Amino acid sequence: MILLIITVMFSSSCNALAKEYRVNIGDQIAVLLPGEANLNKEFQVDRQGRITLPEVGMIQVLGMTETALLGAVKEMLSVVFRDLSPLKVFVSKRQLLIIIQGYVAEPGEFILKQNASIQMALYTAGGLRTGAQLDRFQLRRNGEIIIFDYKKFLDTGDDSLLPQLQSLDTLFIPASPMIGNVEQNFNPAALADSGDAAEDRKAIKVFGEVIRSGSFSAKDENNLVDLLMRAGGVTRYAAVEQIRVISGNEPRLFNLKQYLDSGDESLLPNIIEGSTIFVPKQEEEIKTGSNTVYVMGEVAKPGAYESKKSATFIDILANAGGPTRFAESRQIRVIKADGSTVPFDLTLFTEGKLVGDPPQVNPGDAIFVPEKLDMNEKSWLKVTPERAVRVIGEVLRPSRVEWSDEMSLLDLLAHVGGPTSRADTSKIEVVTPTSVTKSQTYIFNLDRFIKQGLSDSDLPPVNAGSTIRVHDLPDDPVDNKSKWIRQSSDSSIYVFGQVGAPGRYRFTEEMHFLDILSAADGPTVNADLHNIRVTHLDGKHARVNKLNLALFFETGDTTILPEVKIGDTIYIPDKNRDWLDRPKEETIRVLGAINRPGRYTFDDHMTILDLLAEAGGPSSNAYIEKITVVNISCCRDQARTFNLSEFSRTARFQDLPVLRAGDTIYIPSHQESTASKIRQSLTDIFQIAGIAALIGII
């Protein structure tokens, strides 16, 4: 049972593969690659089984399945295009290429649907001509001739009597041997008497664009319309508004259309014996009239058309053959009889996105379909200022662009080729008019828009009359001294002091302290990394942050780095500067019996031993057992003593006092010690006693 199921499944899959359609001559192949207008269209398979694609040339596709077709097209396009993942290729229309020859109205080569029959092929060729031999039709295929009886099919309606058509078939319709060697058209109506008074000098002559020109006998009850009817009526080319009548040697113009519109018989000219009526050809006169609508520009058949009250805009445009391939269907304009203009977007209408109905067209109005703009032609030659948007600055093709309300700022930038490599896409300026006399300026950050994946609703408004300027990025501050004014201060940050290239730099919100320090070529060898200053301008008041960059390099703690913003100033001082330049909060004072008393720079890795060594060590009369350290705390100053002599014996580093920037170290001398003071007091007492005894002796 399982084997039977597998066999049936395998047989079904094989049948499905066998029935997979293969490309035939005459088929339409659709190639879809988003963003490539030259490829997003259909291509017909020619007689040799090839299609021709832009930029890559011809591809042999005859007999391919759609899978193989996609692979062949992708292989050819990979030479020109890098990303072909969205490429789609399929057979959009299955068609036949048929040649029809012989006794038909319009022999030639035709494209038919895949399931087209012999009868549909004859209809496409305009039908059979009178005298075709119906029982000897020939179908020529690959050198073989198939003869079939088309008359029998017409008698029975049996489709099996007709062969199935294939691409490159030739259908030949022979002529009946009964018609002879000379072909003549026999039309009994054409042999009718052209008039009933051919020999009468008093007859009325009617000629020109009428069915049957001739001389007609004059009758009292006949008027001009009667005579035109006796002549078979006017042809389709007749200029009925410019009919010329000569009656009694007096010429007169007659407007048949005006008479038919009004029904006023007083407009009919007086027709007497010997009159002459001439109906001129329409092309010889300018067509005008109270019911005329004019269609101009890029349509298949421009001209003046007779309009009915029920005729709509689409009706009139369709009668003119519709827009051509060169028509700008978004900018169609209806010029009213009073001189006003009504714009109409046919593309929006066909997509079902147009709000409202097409404009109403009345007699005397004109429909103008303009030509598409050429990218190589200056758009100001064809686009008026109220329909244009100006794009200037760092884009590939700065120009005036015709604007459509469907477009956005991104569509506009894409249309001009996009920003260049030197464009500052973080600060694009958009000036959009809000009224006749006022405009509003918007600053657009394209980088942030793309990075955050924002929607089109976050784009600044753009309409006809707007101006878009894309700034260029600033040059290296070393050699752009003459261009610094082009960079606005509200997008700059300042770097001074001991850096490789101090100056004014372009800064964005996405950058941080190390970015701007790197742009300035980093600190120099003389830079004091422990005392960097960052000045923040917050409104009217400035705020200064201190930065120990050396500590950041040692610890890697990013919280040490300050947050810098546009308008801030970074100053990196010289490490060899005068000590008076340093505030007291950054130094430690070393006073007393020391070889080099003064203020010294201190960091968190130094101890009191480092400071004493940097100050030259205690002097020879220093009382090192009572060194005093005065610490600055949050609430009050605290003092403690340190016995350097005892530390030299014990080496207990935990006995070293903790120091902070701003503290004071005092090393007393031996004269200031307690024992010295006691000795001095005893000496003073003995001196006083000795003096007293001496006085007593005296």
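The values are calculated or read from the model by the stated rules, or taken from the named source; none is laboratory data. Quantities reported herein were computed from a predicted structural model and do not represent experimental measurements. For neighbour counting, all protein chains shown are included, and Cβ atoms are generated from backbone atoms with ideal geometry for every residue, glycine included.
Against the numbered list (1) at pLDDT below 85; (2) over 25 Å from residue 232 (Cα atoms), residue 285 comes up short only at (2). Yes or no: the stretch 277-291 includes at least one residue that is of a type outside the set (D, E, K, R), surrounded by 14 or more Cβ atoms within 10 Å (Cβ to Cβ) and assigned to a helix (DSSP H, G or I). Yes, the stretch 277-291 contains a residue that is of a type outside the set (D, E, K, R), surrounded by 14 or more Cβ atoms within 10 Å (Cβ to Cβ) and assigned to a helix (DSSP H, G or I). Close Cβ contacts (under 8 Å, 6 or more residues apart or on different chains) running from residues in the stretch 40-55 that are more than 18 Å from residue 90 (Cβ to Cβ) and free of Cβ contacts under 8 Å to residues at least 24 places away in the same chain to residues that are β-branched (Val, Ile, Thr) and assigned to a loop (DSSP other than H, G, I, E, B) comprise 46/25.
Conditions (1) closer than 20 Å to residue 554 by Cα; (2) among the β-branched types (Val, Ile, Thr); (3) at pLDDT 80 or above, marked per residue:
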position	(1), (2), (3)
483	no, no, no
493	no, yes, yes
510	no, no, no
518	yes, no, yes
531	yes, no, yes
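Take the residues in the stretch 508-528 that are over 15 Å from residue 549 (Cα atoms) and buried (at least 20 other Cβ atoms within 10 Å of the Cβ); name whichever of them is farthest from the chain's Cα centre (by Cα). The qualifying residue farthest from the chain's Cα centre (by Cα) is 520. Checking 277, 272, 314 one by one, the residue that is of a type outside the set (D, E, K, R) and outside the structural domain of residue 203 (by TED's automatic domain parsing) is 314 and no other.
The residue of the stretch 208-227 that is nearest to the chain's Cα centre (by Cα), among those that are under 18 Å from residue 257 (Cβ atoms) and aliphatic (A, V, I, L, M), is 210.
Tallying residues that are within 18 Å of residue 138 (Cβ to Cβ) and touching a helix residue (DSSP H, G or I) at 6+ places or on another chain (Cβ under 7 Å) within the stretch 78-107 yields 3. What about residue 83, is it acidic (Asp, Glu), closer than 30 Å to residue 62 by Cβ and without any contact (Cβ under 8 Å) to a residue 40 or more places away in the chain? Criteria met by residue 83.
Picking from residues in the stretch 228-265 that are aliphatic (A, V, I, L, M) and more than 16 Å from residue 280 (Cβ to Cβ), the one that is nearest to the chain's Cα centre (by Cα) is 260. Flag not set for residue 238, criterion: among the small types (Gly, Ala, Ser) and surrounded by fewer than 18 Cβ atoms within 10 Å (Cβ to Cβ).
Residue pairs whose Cβ atoms lie under 7 Å apart, separated by 6 or more positions or on different chains, with the first residue in the stretch 616-628 and small (Gly, Ala, Ser) and the second in a loop (DSSP other than H, G, I, E, B), are 616/595; 616/596; 617/595; 619/593; 619/595; 622/593.
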